[in-house]
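Read the structure below first, then the notes.
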Amino acid sequence: MAKTSLSVEKAGPTEKAKPTKKKVIAERRAAVEADPRWRAVVDRDGAWDGIFMLGVGSTRIYCRPVCPARLPRAEVVTFFDEPASAEGAGFRACKRCKPKEAPPHLSEVERVRRVCRLLQAQPGERRTSRRLAEVAGLHPRTLQRVFQKHVGLTPSEYAEACRASHFKGLIREGASVTEATYEAGYGSSSRVYEGAGRRLGMTPGQYAKGGEGLAIRYGTGACELGGVLVGATEVGVCAVYVGDERESLVRELETEFPRSTIEADDAGLSPWVALLARHLAGQAAAIELPLDVRATAFQRQVWQALREIPLGETRTYSQIAESLGAPKAARAVGNACARNPVSIVVPCHRAVREDGGLGGYRWGLDRKRALLQRESGG
């Protein structure tokens with residue numbers, strides 16, 4: 001009787017084991033917790049109310065980010081732009097927070113800030129003008145007008161600035177140009193290289209090598225503190241200086257960017273110069289200007305914390321350090337404030353010493369005192 005040989009197939013060396021359920025859940029949780037919208041949910045941050053909806057997979061209910069219900073596990077959460085999207089995915093509206101109801105009355109500035117937050121949170125996502133108008137609670141044409149009034153750019157131009165900034169951040173973190181291209185939402189590498197000078201001030205390859213030959217334009221004007229200079233690449237603001245003499249401010253810019261090509265463009269930068277001047281005169285809130293600044297990860301954290309200090313308030317260097325989870329880094333916070341290249345936009349004048357003293361300020365303590373007095377209504 002012939003023997004029957006049985007063979008056992010073995011997985012080839014290129015086959016990979018399927019991820020375990022535990023690993024899938026952990027990856028899902030990490031992805032949600034890394035999303036800025038999750039922090040808004042954890043903090044019940046009303047500033048995000050109306051910008052997105054939160055779907056809870058375990059209950060199939062969707063809520064507003066300020067819903068008082070118990071915080072769900074991150075791994076069961078899905079974010080939606082609007083109620084219709086959540087309902088289309090099979091979720092039903094929460095009866096406690098009533099997500100279909102319109103958000104509370106908002107000022108014009110806060111409506112613009114809502115749009116900025118959405119574009120910053122997901123720079124790789126494309127948003128229609130209709131969707132941005134819904135977030136702001138305004139007619140699309142009205143949003144165009146008020147957005148340009150407060151930011152100096154149209155919503156589409158601001159979205160492009162956010163996308164370019166995200167692209168550059170990915171390059172700095174070591175991603176390849178191809179990886180950064182798709183992650184930032186460009187669709188193809190040709191989309192990045194088409195008009196790369198307009199988006200990045202250089203090609204992606206040049207940026208990855210350190211940006212030699214960067215072109216910077218500057219504009220100057222009068223303000224409550226004397227004079228103001230705004231320097232910008234084609235992506236965003238890289239310098240905001242205040243002082244008495246235009247010539248000295250230009251020299252400061254040339255000293256800070258010695259390897260760049262610098263030229264005057266008062267006409268082109270007049271919207272941003274005028275916006276800052278109005279803010280310093282108490283006539284406008286200087287908000288979310290697109291920035292193009294070089295910094296360490298810690299410096300960026302400090303500058304973001306400074307931007308979150310409400311108008312008319314101050315924080316000590318220690319308080320800022322504690323808010324970043326680094327209670328022993330008060331001195332490092334002070335150093336980050338001193339290296340802030342975009343004063344006023346990043347309000348480092350709101351950081352003070354533990355004893356209430358003003359501490360230092362690049363543009364002089366008299367100006368810091370004047371800024372704080374004006375913002376507090378003094």
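Quick notes on this one:
- Of all residues in segment 101-111 being free of Cβ contacts under 8 Å to residues at least 40 places away in the same chain and assigned to a loop (DSSP other than H, G, I, E, B), the one that is farthest from E157 (Cα to Cα): E101
- Looking only at residues in segment 72-84 that are in a loop (DSSP other than H, G, I, E, B) and charged (D, E, K, R), the one that is surrounded by the fewest Cβ atoms within 10 Å (Cβ to Cβ) is R73.
- Breaking point among (1) surrounded by fewer than 17 Cβ atoms within 10 Å (Cβ to Cβ); (2) under 24 Å from W38 (Cβ atoms); (3) of a type outside the set (S, T, Y), for E157: (2)
- Subset of segment 125-137 (residues that are crowded, with 21+ Cβ neighbours inside 10 Å and under 24 Å from Q283 (Cβ atoms)): A136
- Identity of the residue in segment 194-252, in a loop (DSSP other than H, G, I, E, B) and either farther than 30 Å from S176 by Cβ or of a type in the set (V, I, T) (or both), that ends up modelled with the lowest pLDDT: T203
- Residue that is farthest from R29 (Cα to Cα), among those in segment 51-71 that are more than 26 Å from the chain's Cα centre (by Cα) and assigned to a loop (DSSP other than H, G, I, E, B): P68
- Taking segment 261-378 as the region of interest, the helices (runs of 4 or more DSSP H) fully inside it that hold 1 or more residues being closer than 15 Å to A232 by Cβ and not hydroxyl-bearing (S, T, Y) are 266-280.
- Selection status of V273, over 20 Å from A338 (Cβ atoms) and β-branched (V, I, T): yes
- Filter result for V177 (surrounded by 19 or more Cβ atoms within 10 Å (Cβ to Cβ), at pLDDT below 70 and over 20 Å from the mean Cα position of the chain (by Cα)): no
- Residues that are under 18 Å from R307 (Cα atoms) and aliphatic (A, V, I, L, M) within segment 114-168 comprise V115, L118, L119, A121, V151, listed in sequence order.
Rundown of residues vs (1) part of a loop (DSSP other than H, G, I, E, B); (2) surrounded by 17 or more Cβ atoms within 10 Å (Cβ to Cβ); (3) of a type in the set (D, E, K, R); (4) touching a Lys or Arg at 6+ places or on another chain (Cβ under 9 Å), yes/no style:
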residue	(1), (2), (3), (4)
A86	no, yes, no, yes
R96	yes, no, yes, no
P99	yes, yes, no, yes
R113	no, yes, yes, no
C116	no, yes, no, no
L119	no, yes, no, yes
P123	yes, yes, no, yes
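- Filtered residues of segment 139-148 (kept if over 19 Å from the mean Cα position of the chain (by Cα) and surrounded by fewer than 21 Cβ atoms within 10 Å (Cβ to Cβ)): H139, P140, R141, T142, Q144, R145, V146
- When R92, R64, R29 are checked against the criterion of being buried (at least 21 other Cβ atoms within 10 Å of the Cβ) and modelled with pLDDT of 90 or more, R64 stands alone in meeting it.
- Unique match (being closer than 15 Å to P271 by Cα and part of a loop (DSSP other than H, G, I, E, B)) among L138, L153: L153
- Within segment 125-135, the set of residues being assigned to a helix (DSSP H, G or I) and either closer than 20 Å to V273 by Cα or not small (G, A, S) (or both) comprises R130, R131, L132, E134, V135.
- Within the set A332, A297, the sole residue that is surrounded by fewer than 21 Cβ atoms within 10 Å (Cβ to Cβ), among the small types (G, A, S) and without any contact (Cβ under 8 Å) to a residue 24 or more places away in the chain turns out to be A297.
The values are calculated or read from the model by the stated rules, or taken from the named source; none is laboratory data. Values in this document were obtained by computation on a predicted structure and should not be read as measured data. Positions of Cβ are backbone-derived with ideal geometry, glycine not excepted, and every protein chain shown enters the neighbour counts.
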